[in-house]
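Attaching a single structure in structure tokens format; questions to follow.
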Amino acid sequence: MPSTPPRRALLAQAAWAALASQTPRWAWAHPPPIRHDPFGLGVASGEPLPDSVVLWTRLLPPPALAAPTGPAIAWAGPISVRWEIAEDPRFRRIVQQGQALALPELGHSVHVEVPGLAPNRWYHYRFMLGDAISPAARTRTAPAAQDMPQRLRVIHASCQRWEHGHYAAWRHACAEQPDLVLFLGDYVYEYPSPPDTSGLARSHPLPLARSLDDWRARYALHKSDPDLQAAHACAPWLVTWDDHEVQNDYAASHGREPQAEFLPLRSAAWQAFYEHMPLRASALAGRADFHQLQIYRRQRWGRLAHIHLLDARQYRDLQACRRPGASAAAVRPASCPQLQQDQRSLLGWTQEDWLHQGLAQDRNPADPIRWSVLAQQTLFAPRHYPSGLQSSDSWDGYPAARQRLLQQLQQTPPRNTVILGGDIHQNYVCNIMAPEPGASRILASEFCGTSISSRSGTTQDKVDAVRRHNPHVLLARCEERGYSVSDITPGQWHITLRALHQPLQAESDAYALAQFVVQDGRAGVQAG
């Protein structure tokens, strides 16, 4: 496995980012010719602030057998990449430009934190290497903290296993012209394609991902998809992870292997995640070993919305009653006393405190937030099965942690709370009730979205039975794949659940499965 980047390399990358706007154009006068497309994985942006945004790409080297012509780029070492950000798509009004260092220790990925931008503004950007120019893309900054925008359009999506479907959903999501895309986990899956490919949209030749090279190849596969590239190019993204970016059902330092084997695997997977996502250097948490990444964070959109983006994998307790070497399994509460232990946490105690403080701050009368958003990985609402079984991997597996958050929402409620999720490959729309048994007070509204492509492992008849067993569940569907688009205004949150007619077809069209509304000052979901 390639070694993790030394701290001095990361500091060098940060130094180049600091010099990004200071490089004179005369330094670019004679770029070497490039005989292949180094930007074959596309470009992306993310983490918008009122004055800054992150630009991302990862350079691809030439094919191994390509004969060099003219001045050669030394692909074994650091490579200087030029970038531009402009007010217009023809790059006639350039507002920032510079160079960034693509380090081999980080897979020649590039993370440029562009400073000095205007708030609430759309921009166009591109990268250049030699005479090669990346596709141009759009990004934007967030509004100023004190402003009240009149609309925010958000796509939220998750779970895009390569074999289970084409990415037509991303083509339709891009056509929605979102201001922001929230990706809530399972960007890649660790599995090889199964021997029997019947019923699959496509397959790949990659092995079970174990090493850094394996993970780089897995991300390169996904990012080769033109619809996913277009979605990254149409708006800034906020990304978090779930389990399949490492291993199914992993919990903090616990995988199926002994820790001595699992932790290097996890570090390689986390490094590849950083290399392929438009994240700020602050995600490195001051470390260079990828034993930790700072993934939970906040995104403010003026006074209209405050997004609390959570990490439900890195700090959680091991799933209750999980057997060594096995994945998490459904349990019967009566035979699994660990399930009810008060000290168990899905987010970890530090992140719980951070979230509670942020939600309390959202109701500050001197700086009130209209919509408090919990963007996290899975279904938050209780899901009681007629069989009596209970998931041990979702919030159902950490009832004391959910109870603490519900008590927080009850005691110091934000003005409006909306919870977004993914993971389960199903659409669930729920009212989040107060924690007392039989309570009728609604504390929040939840929209847990289906997958971009990953198949559901259940049937609609079973899901209908679950819905009948859970009166707070307003919609439960398992047969569709797609995404959700929310139009957020000061007066209401309007969401449309989009689904694909033919998820196995690259050219599938999409339709509106359902629409819902949450009114300002009135907790609970209404038909839209």
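Hey, what's the chain come to in accessible area per residue, 1.4 Å probe, Å²?
38
Positive end of the dipole of the chain, charges at C-beta (+1 Lys, Arg; -1 Asp, Glu), about the Cα centre: which of Trp270, Tyr296, Gly457 has its Cα farthest in that direction?
It is Tyr296, whose Cα lies furthest towards the positive end.
Let me ask something else. Sum up the charges of everything whose Cβ sits under 15 Å from the Cβ of Ser193, counting Lys and Arg as +1 and Asp and Glu as -1, but leave Ser193 out.
Once all neighbours under 15 Å are counted, the net charge is 0.
As I understand it, the dipole of the chain uses +1 on the Cβ of Lys and Arg and -1 on the Cβ of Asp and Glu, about the Cα centre. Which of Ser52, Ser193, Ser335 lies farthest toward its positive end?
Farthest towards the positive pole: Ser52.
On the full set of protein chains, 1.4 Å probe, figure out the accessible area of Arg280 and give it in Å² to the nearest 10.
About 40 Å², ignoring ligands and nucleic acids.
Can you give me the % of accessible surface on the chain that is carbon or sulfur? Probe 1.4 Å, all protein chains present, nothing else counted.
Of the solvent-accessible surface of the chain, carbon and sulfur hold 52 percent.
Could you work out how far helix 460-469 tilts from the main Cα principal axis of the chain, as a 0 to 90 degree angle to the nearest 10?
50
How many angstrom lie between the C-alpha centres of the stretch 243-297 and the stretch 303-343?
Answer, in whole Å: 18.
Shifting gears a bit: I need the peptides 206-213, 160-167 ranked by packing, meaning the mean over residues of other C-beta atoms within 10 angstrom, with the highest value on top.
Top to bottom by mean Cβ count within 10 Å: 160-167, 206-213.
Which residues' amide hydrogens lie under 5 Å from the amide hydrogen of Arg481, considering only partners 5 or more residues apart or on another chain, with H built in the peptide plane?
Those lying under 5 Å, H to H, from Arg481 are Leu500.
Another question, then. On the full set of protein chains, 1.4 Å probe, figure out the accessible area of Thr458 and give it in Å² to the nearest 10.
My reading of the accessible area for Thr458 is about 50 Å².
Highest mean first, what order results for 403-411, 180-188, 48-56 on Cβ atoms within 10 Å?
In descending order of packing, they fall as 180-188, 48-56, 403-411.
In degrees between 0 and 90, to the nearest 10, how far off the longest principal axis of the chain does helix 212-223 point, with axes built from Cα atoms?
80
May I ask for the net charge around Asp520, where only other residues with Cβ less than 12 Å from the Cβ of Asp520 are counted and Lys, Arg are +1 while Asp, Glu are -1?
Surrounding charge for Asp520 is +3.
Please tell me the relative contact order of the chain in percent, rounded to the nearest whole number, where contacts are Cα pairs under 8 Å and at least six residues apart.
For the chain, the relative contact order is 15 percent.
Counting Lys and Arg as +1 and Asp and Glu as -1, each charge on the Cβ, what is the dipole of the stretch 403-528 about the Cα centre in debye, to the nearest 20?
340
If you take volume of the Cα convex hull per residue in Å³ from the coordinates, which of (i) 151; (ii) 160; (iii) 138 do you get?
Entry (i).
The values are calculated or read from the model by the stated rules, or taken from the named source; none is laboratory data. Every value quoted in this text rests on a predicted model; they were computed, and no experiment measured them. For neighbour counting, all protein chains shown are included, and Cβ atoms are generated from backbone atoms with ideal geometry for every residue, glycine included. Just the protein is used for accessible areas: all its heavy atoms, side chains included, with ligands, DNA and RNA removed. Shrake-Rupley method; radii C 1.70, N 1.55, O 1.52, S 1.80 Å.
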